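Report on the following structure.
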Amino acid sequence: MATADFLLHPVRMRIMQTLLGAGELTTAQLRERLPDVSAATMYRQVAALTQAEVLEVVRERPVRGTIERSYRVRQEEALVDENARTTMTKDEHRRAFRVFTGALMSDFDRYVSRDDAEPASEGVLYRQGAVALTDEEFADLVEELEAVVARRTATSPGDGRTRHIISFVVVPDKTGDS
């Protein structure tokens with residue numbers, strides 16, 4: 001399992017997000033979708049993700065004297081698992097959360113910067129809610145949420161489908177404890 005520091009690297013995170021729900025993409029296709037990432041950086045980070053087994057090569061074909069590879073995310077390896085989270089220090093959690101929220105803000109900014117963006121009609125949603133749960137109820141909720149998203153990750157854009165990025169943040173509100 002890759003570490004939080006490895007997975008939450010800003011460019012690697014964007015590569016994984018781009019591949020999620022996209023099926024398989026070549027490095028050239030990734031560069032088209034992430035034009036602000038230099039070719040050298042893209043190749044280096046794709047290689048690192050592949051070596052860490054977060055990405056897998058699903059197809060290879062010869063193209064003009066080189067081999068073009070198609071990659072996809074190995075969902076089970078693209079997570080900071082519970083064991084890794086429990087060994088992280090508070091500062092490591094703080095740093096990981098900053099990278100996560102920075103990537104989230106960048107995704108949103110890229111979206112709303114597009115001339116054709118229509119947040120109200122395209123289902124943009126940001127919401128907070130509070131629930132009071134036992135540890136067991138909370139574990140069940142997290143499992144349910146992860147299962148709902150996992151069931152939908154097998155679909156691809158097209159046939160009337162639009163790709164949506166879904167992010168979760170769960171933070172205990174200790175100020176509300178009695």
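Could you list, in sequence order, all residues of the range 157-167 that are open to solvent by 60 Å² or more (accessible area, probe 1.4 Å) and closer than 21 Å to R110 by Cα?
Within the range 157-167, P157, R161, T162, R163, H164, I165, I166 qualify.
Looking at (1) over 23 Å from L19 (Cβ atoms); (2) part of a helix (DSSP H, G or I); (3) hydrophobic (A, V, I, L, M, F, W, C); (4) open to solvent by 70 Å² or more (accessible area, probe 1.4 Å), find the lone condition where A120 falls short.
Here A120 clears every test but (2).
Which residues, counting only those in the range 65-83, are surrounded by 12 or more Cβ atoms within 10 Å (Cβ to Cβ), touching a residue at least 40 places away in the same chain (Cβ under 8 Å) and either out of contact with any helix residue (DSSP H, G or I) (no Cβ under 6 Å at 6 or more places or on another chain) or farther than 13 Å from D5 by Cα (or both)?
The answer is E68, R69, S70, Y71, R72, V73, Q75, E77, L79, D81.
For the range 9-57, enumerate the residues that are over 26 Å from R95 (Cα atoms) and hydroxyl-bearing (S, T, Y).
Passing the criteria: T26, T27.
Filter the range 123-147 down to the residues that are among the hydrophobic types (A, V, I, L, M, F, W, C) and either open to solvent by 70 Å² or more (accessible area, probe 1.4 Å) or in a loop (DSSP other than H, G, I, E, B) (or both) and list them by number.
Passing the criteria: V124, L125, A130, V131, A132, L133, F138.
Is there any pair linking a residue in the range 42-64 that is over 15 Å from L30 (Cα atoms) and in contact (Cβ under 8 Å) with a residue 40 or more places away in the chain to one that is surrounded by 12 or more Cβ atoms within 10 Å (Cβ to Cβ) and of a type in the set (G, A, S), with Cβ under 6 Å and at least six apart or on different chains, and which?
These pairs meet every condition: A52/A2; V54/A2; V54/A78.
Select the helices (runs of 4 or more DSSP H) contained entirely in the range 1-109, then report the ones holding at least 2 residues which are closer than 25 Å to A147 by Cα.
It comes to 4-7, 10-19, 82-87.
The values are calculated or read from the model by the stated rules, or taken from the named source; none is laboratory data. This one's a predicted model, so the numbers in the text were calculated from it and none came from an experiment. Reconstructed Cβ throughout: ideal geometry from the backbone, glycine too, with neighbour counts over all protein chains shown. Accessible surface is based on the protein model in full, side chains and every heavy atom, while ligands, DNA and RNA are left aside. Shrake-Rupley method; radii C 1.70, N 1.55, O 1.52, S 1.80 Å.
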